[in-house]
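Report on the following structure.
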Ligand code: NAI
């Protein structure tokens, strides 16, 4: 039926830029067409408000969207400006109050404002697999058009908390069970025509229904778990509060929700979260790959099946790629196979994949000890020991087995990829793909461009990272690339604080209080102190002569205090695995201060966070000034996805602009004065 297809019969329709109304028999087909995701922009709201008037006289009005999805949210690029009329709550109310009952016909995603509009319709029919959600919480907001007021009335408080406070996306099938929609149907138009023919009694509008009974305990427990998970982020709790306003009549709860929504748009938290949202999109499409077409990658060779190689293999297999893993000998290949299967089993246990998917992934996997098996792979990732000579040898063998076309990538953390690839024919097909541990879970991948890397090769690195469901960020070459370079400045500044009077638990508590997943010392204990130790030894030769060096971490390593796995590091670990302050470490720190004639003094929490955040922002700015990163937002994405920086703080660069760069400058100058000759200052600071 052509009338039932979006945009069919347009000539007979009232045609606006984003919404058309087509009358066909007794149904008015209202079609929103605002690519890519039919966001409720200013234009869509205005056109939809006009469309509600145009449906008069029809038996039902069918609201649907052209393209790949129903309305998947608001247009966030409009959120910095004052809202423009007609406001979404008014349009939603017009839909609910319309004399002609609306039927929402939904496919793809029904998110945010889209879900709010759908909840105001008299009936809701969705295609199988449609996703429903209120993701406002993810950008520091609460819904602003009745979402928190209608949702508990439709699905009950427990499900509403999951959706609004935790940002859960619910499938059409589950939403049907919850009572949030009326039907799941393959053919939405046919389902709508059936409904129009039968025309059952119009249900009570969502806003007029009572909220099904729930216990106070439900809310109290939700609050506790949200507080714990949010690490200082407010929006999950804001959503919980707004849901509770639904105890009052809709006429009272809805304006409260709207007012709070508008206030929160201006909150630092929402600004930070929106910043990260846009920074992620920008980071995924760097200028360096503009216009370049990525190559297809179906089969990957991975060399080295240790911690990183196994994790990368698991990520690639989970994404449906075939993987050949090459190890030193048959025994190591067997161990690598077990490691990878273990990671896939773990994914099954966590409900991330089912048994059949795991078996299918393993069917595409081989662990071998012969480079000949790399022939035919489209791309290779090397993850062997951090030793340039070993890596060069690996790439020589790979190049021979795979030919001069195949893309070659190194996962090195600190070595210079340009140097690793110096003897490889066609270095334009070489790049760095720096994954983070555990590589099957962590999202960040630094895609490292050497002076030779071709744009098409870089674009393939980005496409591969996306396929692995990772967040790629472009990095040039410097010691530690973007993330580890900032990390080493951060740790150095923290060590200076220890030498000058702070203790590890104070530094950790301050940074956790700021919202970091972990403080710098807990993090080192978790990861193990050896890698950084080896690194400091490597850097010793090139360390600037005047730079202050705090050798406390070296002493710990020499004492065998290598971190959590060795039972002790910066902290002691008992049977419960919890870090305990160590008298041995604190005595060592105090002895260090004494030996260097340093008068220890206490540091307030704000002094600690102010200094450490200034150091991160300064290093980030230097990285941008040196063209290692394309833009400050890339630094923020690296920190948020790789280093536990709280997303709701927006990353170190955004945070610096939020508190004011003058504050950062002042703090950085303090840091530099306390340790003269130890810090390079960004020229724009
Ligand atoms: P690992 O020691 O756990 O694994 C290295 C594996 O490579 C071992 O299984 C070893 O048998 C194998 N191998 C060594 N030489 C080989 C050769 N010639 N041919 C085939 N296999 C060989 O080391 P890990 O931690 O997995 O690190 C690997 C690389 O990844 C290093 O360059 C490291 O800097 C980098 N990296 C490590 C991270 C970490 O957190 N551990 C994070 C990001 C990068």
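Just so it is clear, none of the values below were taken in a lab; they were calculated from the coordinates. Computed from a predicted model, the values in this text were never measured in an experiment. Note that each Cβ is placed from the backbone with ideal geometry, even for glycine, and that neighbours are counted across all protein chains shown.
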| field | Gap separating the Cα centres of region 92-170 and region 303-353, nearest whole Å | value | 40 Å
| note | Expressed in nanometres to one decimal, the distance between label points 7 Å along Cα→Cβ at residue 183 and residue 215 is 3.8 nm
| request: Please list 283-294, 500-511 highest first by mean number of surrounding beta-carbon atoms within 10 Å per residue. | output: 500-511, 283-294
| query | R0 = 56 Å: FRET efficiency of residue 90 with residue 437, Cβ-based, nearest 0.05? | reply | 0.65
| task | Output the peptides 211-217, 108-114 sorted from most to least packed, where packing is the average of other Cβ atoms within 10 Å over each peptide's residues. | result | 108-114, 211-217
| query | Can you give the extra length, in nm with one decimal, that the chain gains between residue 580 and residue 288 once fully stretched, where that is 0.36 nm per residue apart less the Cα-Cα distance? | reply | 100.4 nm
| remark: Among beta bridges assigned by DSSP with both residues in region 61-178, the antiparallel ones amount in percent, to the nearest 5, to 15 percent
| query | Over region 8-266, what is the percentage of antiparallel beta bridges among all DSSP beta bridges, to the nearest 5? | reply | 35 percent
| message | Just want to confirm a number: the relative contact order over region 483-674, from Cα pairs under 8 angstrom separated by 6+ residues, in percent. | response | 27 percent
| field | D (Stokes-Einstein, µm²/s), Kirkwood Cα radius, region 532-624, 1.306 mPa s at 10 °C | value | 100 µm²/s
| note | Relative to the compact-globule estimate 2.2 N^0.38 Å (N residues), the Cα gyration radius of region 483-674 stands at a ratio of 1.00
| query | To the nearest Å, what is the center-to-center distance of region 421-458 and region 194-231, using C-alpha atoms only? | reply | 48 Å
| What is the chain's relative contact order, in percent, from Cα pairs under 8 angstrom and six or more apart in sequence? | 9 percent
| How much mean residue ellipticity at 222 nm does the chain get from its helices, if each DSSP H run of length 4 or more adds -39500 (n - 2.57) and you divide by all residues, to the nearest 500 deg cm²/dmol? | -14500 deg cm²/dmol
| field | Radius of gyration, Dmax [the chain; alpha carbons; angstrom] | value | 28.4, 91
| Pairwise centroid distance, computed over Cα atoms, of region 534-552 with region 650-685, Å | 22 Å
| request: Note the full-extension length gain between residue 174 and residue 296 as 0.36 nm times their separation in residues minus their Cα-Cα distance, in nm to one decimal. | output: 40.3 nm
| remark: Normalised per residue, the volume inside the convex hull of the alpha-carbon atoms of region 8-266 in Å³ amounts to 116 Å³
| region 165-236: mean projected area of Cα convex hull, nm² | 7.2 nm²
| field | Exposure proxy ranking, count of Cβ atoms within 10 Å, fewest first, for 193, 616 | value | 193, 616
| Given the Cα-Cα distance of residue 670 and residue 533 and 0.36 nm per residue of separation, how much length would full extension add, in nm? | 46.6 nm
| query | Looking at region 297-475, what % of the alpha carbon pairs are farther apart than 25 Å? | reply | 24 percent
| query | Counting only the backbone N, which residues of region 161-181 are under 18 Å from the spot 7 Å out from the Cα of residue 354 toward its beta-carbon? | reply | 171-175
| note | Ranked output for segments 528-541, 116-129, 599-612 by mean other Cβ atoms within 10 Å, highest leading, reads 116-129, 599-612, 528-541
| Percent antiparallel among DSSP beta bridges with both residues in the chain, to the nearest 5? | 30 percent
